[in-house]
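Down below is the structure, laid out as structure tokens.
The values are calculated or read from the model by the stated rules, or taken from the named source; none is laboratory data. All values reported here derive from a predicted model rather than from experimental measurement. Cβ sites come from the backbone with ideal geometry, for glycine too, and all protein chains shown count toward neighbours. These accessible areas exclude ligands, DNA and RNA; they are computed on the full protein's heavy atoms, side chains included. Shrake-Rupley method; radii C 1.70, N 1.55, O 1.52, S 1.80 Å.
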Amino acid sequence: MLMLRTQKKVYKSLKMITHFTNCIAFLPSSVPRQSQAPQRFDLSRVSFTVRCFQIQSCVLSDKSELQQSSQLPTRFFVNPVSRGTRNQAQGALFDYLHSTRSFTFTDAEHISKNSPHFLSSLLSKIDDNERDVSKALTRYFRYNPINEFEPFFESLGLCPSEFEQFLPKKLMFLSDDGVMFENFNALCNYGVPRGKIGRVYKEAREVFRYESGVLVSKLRAYEDLGLRKGTVIKLVSSCPLLLVGGVDGEFASVVDKLKRLPVGCDWLGRDLSDSKTYSWGRILETMEFLEKMGCKEEKLSSLLKTYPALVIEGSGKKFCVLFGRLFKVGLQVNEIYMLFIDNPEMLSDKCVKNIRKTLDFLIAIRMETHFIRKILLSHMELIGSCSLQAPRTVCISLNVSQEELCQMLKKDPLRLFSFVSTTKKRKSKLLSEDARKYAEKTAFLVRLGYLENSDEMVKALKQFRGRGDQLQERFDCLVKAGLNHNTVAEIIRHAPIVLNLSKDVIEKKIHSLTELLGYPIESLVSFPAYLCYDLQRIHHRFSMYLWLRERDAARPMLSPSTILTCGDARFVKYFVNVHPEGPAVWESINQSST
């Protein structure tokens with residue numbers, strides 16, 4: 001009787017083991033599975049104790065249910081995740097992607113560091129009291145394969161609400177969609193920043209279904225128009241639809257028109273924003289309209305260089321709206337053209353806004369159009385430089401009606417400019433302090449291509465330290481190293497802090513990159529933050545990498561960002577411990593600098 005009960009218990013336990021084995025079959029593994037023929041157990045020979053561990057994912061009956069389980073809503077931490085916890089989670093995700101799923105080092109690192117929402121979701125699935133988060137997540141990955149598309153899409157710059165609609169219904173692993181991943185790699189290898197590829201996927205998904213080689217040929221087709229590679233990258237990031245179908249005809253017409261101008265077609269790449277959309281047809285119409293107004297090659301080039309927003313911002317819509325309003329109040333086409341010629345600054349964002357405010361002010365007090373026309377033709381320079389108060393505010397302060405205010409301005413139009421906003425006056429007073437230093441910095445930034453009074457320029461002015469001539473000296477140092485003016489300007493836009501370094505430090509860091517590693521100076525274009533790293537960190541890690549490279553223990557031309565950006569523990573794991581003599585060499589490198 002006792003033997004019968006024991007056999008029943010063991011048989012029940014073995015059934016649970018069989019079920020556990022079948023569930024494990026669905027987990028990814030590089031080890032080939034054995035034949036799945038049913039096994040027979042000889043109960044008479046069983047004389048061991050069986051322990052069964054219940055795992056949530058193992059109660060699912062098929063792969064589709066397993067996929068759905070990884071997409072179920074999970075609880076998120078109420079308190080912010082600490083930096084240490086986040087780093088452990090990133091490390092565990094990196095190890096899983098790189099070691100278990102065989103992602104490349106670069107892909108695994110980028111995904112693990114740029115998917116914060118996914119990491120929060122993972123952390124919510126382990127015990128809050130776990131001290132070793134890395135081990136807990138490693139154990140979780142062992143029995144719960146993740147939907148790799150979720151962190152992948154998030155690392156491309158898409159938020160969960162945006163990529164939710166793109167998640168495949170029957171796929172969990174990126175390797176299952178080889179076509180998509182091949183086109184993704186084509187964009188990466190061409191130089192498109194990974195964080196910008198999300199917009200390409202969102203607006204032009206067709207691009208990721210192209211056959212092998214098609215996407216590369218489309219990118220080269222735009223280079224064949226006469227554009228530099230850097231300009232094509234900027235265009236693809238801001239206008240993904242250019243990659244759909246053949247070469248965009250309207251865009252090609254814009255490029256042809258720019259080729260005939262001294263400004264050149266690479267002017268496009270300097271001022272495009274990847275956060276906005278553009279209508280090439282409208283941009284072309286704006287340029288043709290300016291030509292009809294009398295802006296020939298030299299003048300049009302000057303306008304585009306000085307005020308790129310005239311054509312770029314809103315695809316020329318602001319200019320068309322301003323022209324329409326001036327025409328509506330009685331100005332003739334030739335009069336508007338002469339205003340543009342005599343006051344080119346009126347095309348800047350600030351002046352356009354002030355002109356529109358002035359028009360609204362005069363129309364609100366019911367001034368006749370011929371008086372408005374007269375004021376515009378006589379005082380356009382003042383109008384563009386002044387931001388007026390609202391008519392109601394002026395009437396209250398003067399204790400007059402709108403009709404009386406209108407009569408006052410007819411008799412003395414210059415009095416209009418005494419109604420300048422008090423906020424603007426206060427700003428002017430602040431800016432007048434240390435005016436020379438501010439003017440030097442502003443002039444330097446304008447030469448780099450920053451729009452005057454733009455948010456980007458204001459941010460840059462706060463970040464730059466030093467006089468205008470010092471900033472220019474540091475800029476020239478990068479140009480003398482072998483980079484062209486436009487490339488250096490692009491580097492400064494991505495990493496303004498570079499110009500806070502002294503000339504000597506910049507030269508030493510460039511020497512380490514080009515002479516010690518043998519990398520081309522153009523490497524700074526894809527990784528401008530290199531110049532911001534500490535010289536000691538650069539020397540130590542480059543020396544270790546060179547030692548490995550000489551012994552064929554590391555890839556020959558690994559990206560500088562991969563060498564420098566990873567944490568100390570990860571660097572030791574992947575660049576020191578990969579060789580038996582590595583730890584000793586690394587220790588000697590560190591001691592030599594102390």
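For the reader, a short list of remarks on this structure follows.
- Placing +1 on the Cβ of every Lys and Arg and -1 on the Cβ of every Asp and Glu, with no other charges, gives the range 430-532 a dipole of roughly 180 debye about its Cα centre.
- Separation in nanometres of the label points that stand 7 Å from Cα toward Cβ, at Ser124 and Glu381: 6.2
- Calculated FRET efficiency, Ser526 to Asp342, Cβ-Cβ distance, R0 = 51 Å: about 0.70 to the nearest 0.05.
- Within the shell of other residues whose beta carbon sits under 13 angstrom from the beta carbon of Pro116, the net charge comes to +1, with Lys and Arg scored +1 and Asp and Glu -1.
- Two-site label geometry, Gln165 and Ser217: point separation in nm, points 7 Å out along Cα→Cβ: 3.1
- Of every Cα-Cα pair in the range 83-176, the percent that sits beyond 19 Å: 37
- P(r), alpha carbons of the range 430-532 - 5 Å bins starting at zero, rounded %: 2, 13, 24, 26, 16, 10, 6, 3, 1, 0
- Other residues whose C-beta falls under 9 angstrom from the C-beta of Leu499 contribute a net charge of +2, scoring Lys and Arg +1 and Asp and Glu -1.
- Highest to lowest packing among 220-227, 261-268, scored as the average C-beta count within 10 Å: 261-268, 220-227
- One Cα centroid belongs to the range 471-511, the other to the range 217-279; the line between them spans 26 Å.
- Point-to-point label distance, Glu335-His117, nm (Cα→Cβ direction, 7 Å offset): 5.4
- Neighbours of Pro262, meaning other residues whose beta-carbon lies under 13 angstrom from its beta-carbon, give a summed charge of +3 when Lys and Arg score +1 and Asp and Glu score -1.
- Value of Rg to Rh for the range 131-287 (Rh from inverse mean 1/r over Cα pairs, i.e. Kirkwood): 1.08
- R0 of 51 Å, Cβ-Cβ distance Asp412-Arg493: FRET efficiency to nearest 0.05: 0.65
- Computed from the Cα positions only, the extents of the range 536-593 along the three principal axes stand at 26, 22, 18 Å, in decreasing order.
- Cα lying deepest toward the dipole's positive end in the range 138-228, options Val214, Met180, Pro160, charges on Cβ: Pro160
- Accessible area of Met367 in the full protein assembly, 1.4 Å probe (Å², nearest 10): 10
- Contour excess over end-to-end distance, with Cα ends at Asp504 and Arg282 and 0.36 nm allotted per residue: 75.2 nm
- Alpha carbon centroid spacing (whole Å) that separates the range 153-181 from the range 376-401: 55
- Listed residue pairs exceeding 24 Å between alpha carbons, taken from Lys234/Lys503; Lys196/Lys459; Lys234/Lys259; Lys229/Lys459; Lys229/Lys305: Lys234/Lys503; Lys229/Lys459
- Ranking of Cys386, Cys159 by solvent-accessible surface, largest first: Cys159, Cys386 (1.4 Å probe, protein heavy atoms only, all chains present).
- With R₀ set to 56 Å, the beta-carbon distance separating Ala553 from Glu291 gives a calculated FRET efficiency near 0.35.
- Positive-end ranking of Ser134, Ala108, Asn147 along the dipole of the range 83-176, with charges on Cβ about the Cα centre, is headed by Ser134.
- Convex hull volume of the C-alpha atoms in the range 85-140, normalised per residue: 65 Å³.
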